[in-house]
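Encoded as structure tokens, the structure appears first; notes follow it.
The values are calculated or read from the model by the stated rules, or taken from the named source; none is laboratory data. Treat the numbers as computed from the prediction; the structure is a model and nothing was measured. Counting neighbours? That spans all protein chains shown, and the Cβs are built from the backbone with ideal geometry, glycine included.
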Amino acid sequence: MKFNTLQAVAHCPSPLGRILLAASPSGLAGLWFEGQRHFPPGLDALPLVAAAGQPVLGEAAAQLDAYFAGELSRFDLPLDLGGGTAFQQLVWQALLAIEAGETASYGGIARKIGNPAALRAVGAAIGRNPLSIIVPCHRVIASNGALTGYAGGLARKSALLQLERAALKALV
């Protein structure tokens with residue numbers, strides 16, 4: 001993964017731990033829980049700003065607050081997925097189609113992108129998703145319904161799925 005164009009980072013609190021947001025000239029390029037796997041090296045060298053001081057970071061923080069409050073199920077932000085390979089970007093685009101409260105399997109994602117034999121590659125691409133929560137990799141589960149793999153930890157994956165189910169029930 002390459003993040004050559006990142007301009008600034010900001011911390012954002014959440015009920016599941018502190019989040020680091022990263023912006024590029026094209027939009028939001030990163031969202032990682034502090035200490036999660038695949039955290040890109042070198043982010044500490046970027047200027048740390050208050051989220052409100054950078055428009056895309058401020059909007060991302062506001063939308064995350066609404067999401068965790070159960071008031072938002074779909075994010076509306078300019079995203080920069082250019083840090084990934086063409087294959088990774090294809091997988092990440094497929095993740096964006098999974099609605100809140102729904103789940104998909106790794107095999108389902110592989111079939112959706114037209115490469116049904118690429119289960120391991122799909123899993124690897126999902127694990128490297130730089131925009132956790134917003135590009136909803138937490139909505140991908142094993143074909144038997146088991147929670148598997150999440151760079152932020154399975155406890156967070158479970159909490160995110162429960163949050164989304166509760167928010168949908170509140171709307172009914």
(request) May I ask you to list the residues in segment 124-143 that are among the β-branched types (Val, Ile, Thr), part of a strand (DSSP E or B) and touching a residue at least 40 places away in the same chain (Cβ under 8 Å)? (result) Val140
(message) Looking at Leu90, Leu79, Leu95, Leu43, can you tell me which residue is under 20 Å from Ser158 (Cβ atoms) and not aromatic (Phe, Trp, Tyr)?
(response) Leu95
(request) Could you pull out every one of the strands (runs of 3 or more DSSP E) wholly within segment 1-99 that has 1 or more residues that are of a type in the set (Val, Ile, Thr)? (result) 8-12, 19-24
(message) Please pick out the residue among Ala146, Ala155, Ala121, Ala117 that is out of contact with any Cys (no Cβ under 8 Å at 6 or more places or on another chain), farther than 16 Å from His38 by Cα, among the hydrophobic types (A, V, I, L, M, F, W, C) and in a helix (DSSP H, G or I).
(response) Ala155
(message) So Arg111 ticks every box in (1) without any contact (Cβ under 8 Å) to a residue 40 or more places away in the chain; (2) surrounded by fewer than 19 Cβ atoms within 10 Å (Cβ to Cβ); (3) within 25 Å of Ala159 (Cα to Cα) but one. Which box is left unticked?
(response) (3)
(request) Tell me, please, whether a residue that is surrounded by 17 or more Cβ atoms within 10 Å (Cβ to Cβ), at pLDDT 95 or above, within 30 Å of Arg111 (Cβ to Cβ) and of a type outside the set (S, T, N, Q) can be found in segment 56-71. (result) yes
(message) Among the residues that make up segment 19-26, is at least one of them surrounded by fewer than 12 Cβ atoms within 10 Å (Cβ to Cβ), at pLDDT 90 or above, more than 29 Å from Gly101 (Cα to Cα) and not assigned by TED's automatic domain parsing to the domain that holds Val135?
(response) yes
(message) What's the number of the only condition in (1) at pLDDT below 95; (2) surrounded by fewer than 18 Cβ atoms within 10 Å (Cβ to Cβ) that Ala167 fails to meet?
(response) (2)
(message) List pairs: first residue in segment 54-82 and under 15 Å from Leu20 (Cα atoms), second residue of a type outside the set (A, V, I, L, M, F, W, C) and assigned to a loop (DSSP other than H, G, I, E, B) anywhere in the structure, Cβ distance under 7 angstrom, at least six positions apart or on different chains.
(response) Val56/Pro78; Leu64/Ser14
(message) Looking at Ala121 and the list (1) free of Cβ contacts under 8 Å to residues at least 60 places away in the same chain; (2) on the phi > 0 side of the Ramachandran plot; (3) not aromatic (Phe, Trp, Tyr), which single condition is not satisfied?
(response) (2)
